[in-house]
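Every number in this text was worked out from the coordinates using simple rules, so none of it is lab data. Since the model is a prediction, treat every value here as computed from it, not as a measurement.
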């Protein structure tokens, strides 16, 4: 699809935002930034580093996978994607956020999880559609924007505290996928509590090695779909070794050196509870700052 749209409506519709996303992806796949429609000033980051447009993945992409989970926030001109990129022999999950104005693409934030670069290996990866993330919600099942953000933020508060206290609300069937791997109700994943559901994991206080959830941003809320896109860091000091879960079970931290995770994470909110989580995150230096530290999100930032 040609990204050169002569005149975009204001505010942008979902269709216009998806068209801008398609134009960006076509330009990326062609390795030709000139094919996309840009604003006069653009902020472009890949894996938490500011890059000029045309650098990074623009030099190495060889294909796009079939997985295409997209969502949009017409109120703020934001559009997002969870998908798969190919770089010669490697396939990697990607999370992408664009801010689009009538002038063109103004912001690009991309996270590409490459197995070789990260502290924890998420495999085997499966990229498949999840109907719960694609459905349009009936008005009675929708949650106001501020409440959606509060539930997502409560998830991060729960993860940061990790003493068994639940500071959000989980749907009984809540599932979580991280870097292409289901990490709930999956006994084959490397973390033992992965065999449990979302709330049960947190009630055990398993993730005590996650020391801090900082730099939280909530740039995109798709109210019709019940989706909140969050950006944040998880800091790990690596100091914790042996500990006990809230039921007394001995546990060992899989993280024993200082580093941080930088993430884009999507929450499905329905009937006032978190029903599905999709995350793409990478390992970055411990306490690494963000190129988005001056992001003007007002009350939607922590």
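Quick one: among 130, 99, 268, which has the greatest mean-square fluctuation in a GNM of the chain with alpha-carbon springs under 10 angstrom?
Greatest mean-square fluctuation among the candidates belongs to 130.
Using bins 10 angstrom wide from zero, how does P(r) for the chain break down, in % of all Cα pairs?
P(r) for the chain, in whole percents per bin: 6, 28, 37, 22, 6, 1, 0.
Need the C-alpha centroid separation for the range 240-281 versus the range 77-109, integer Å.
24 Å
With a ≥ b ≥ c taken as the square roots of the eigenvalues of the C-alpha gyration tensor of the range 20-68, please select rounded if a/c is under 1.5 and otherwise prolate if a/b is larger than b/c or oblate if it is not? Intermediate results must be reported in sequence, preceding the final value.
Working: a/c = 1.64, a/b = 1.24, b/c = 1.33.
It comes out oblate by the Cα gyration axes.
In percent, how large is the relative contact order of the range 217-302, given Cα pairs closer than 8 Å and 6 or more residues apart?
On the way: 147 pairs, mean separation 25.3, N = 86.
So the answer I get is 29 percent.
Which of 249, 280, 62 ends up with the largest GNM mean-square fluctuation for the chain, with Cα atoms connected below 10 Å?
Of 249, 280, 62, the Gaussian network model singles out 249 as fluctuating most.
Using only the alpha-carbon atoms, how far is helix 145-161 inclined from the longest principal axis of the chain? Give it as 0 to 90 degrees, nearest 10.
Helix 145-161 sits roughly 40 degrees off the main axis of the chain.
Angle, helix 14-30 long axis vs. longest principal axis of the chain, Cα atoms, 0 to 90°, nearest 10?
90 degrees
Rounded, prolate or oblate: which fits the range 132-294 when a ≥ b ≥ c are the square roots of the eigenvalues of the alpha-carbon gyration tensor, with rounded for a/c under 1.5 and prolate only if a/b beats b/c? Don't skip to the answer; put the middle values down first.
On the way: a/c = 1.94, a/b = 1.32, b/c = 1.47.
Since a/c reaches 1.5 but b/c is at least a/b, the shape of the range 132-294 is classed as oblate.
Under 1.5 on a/c is rounded, so check that first for the range 44-161, then, if it is not, pick prolate when a/b is larger than b/c and oblate when it is not; a ≥ b ≥ c are the square roots of the alpha carbon gyration tensor eigenvalues.
Prolate, since a/c reaches 1.5 and a/b exceeds b/c.
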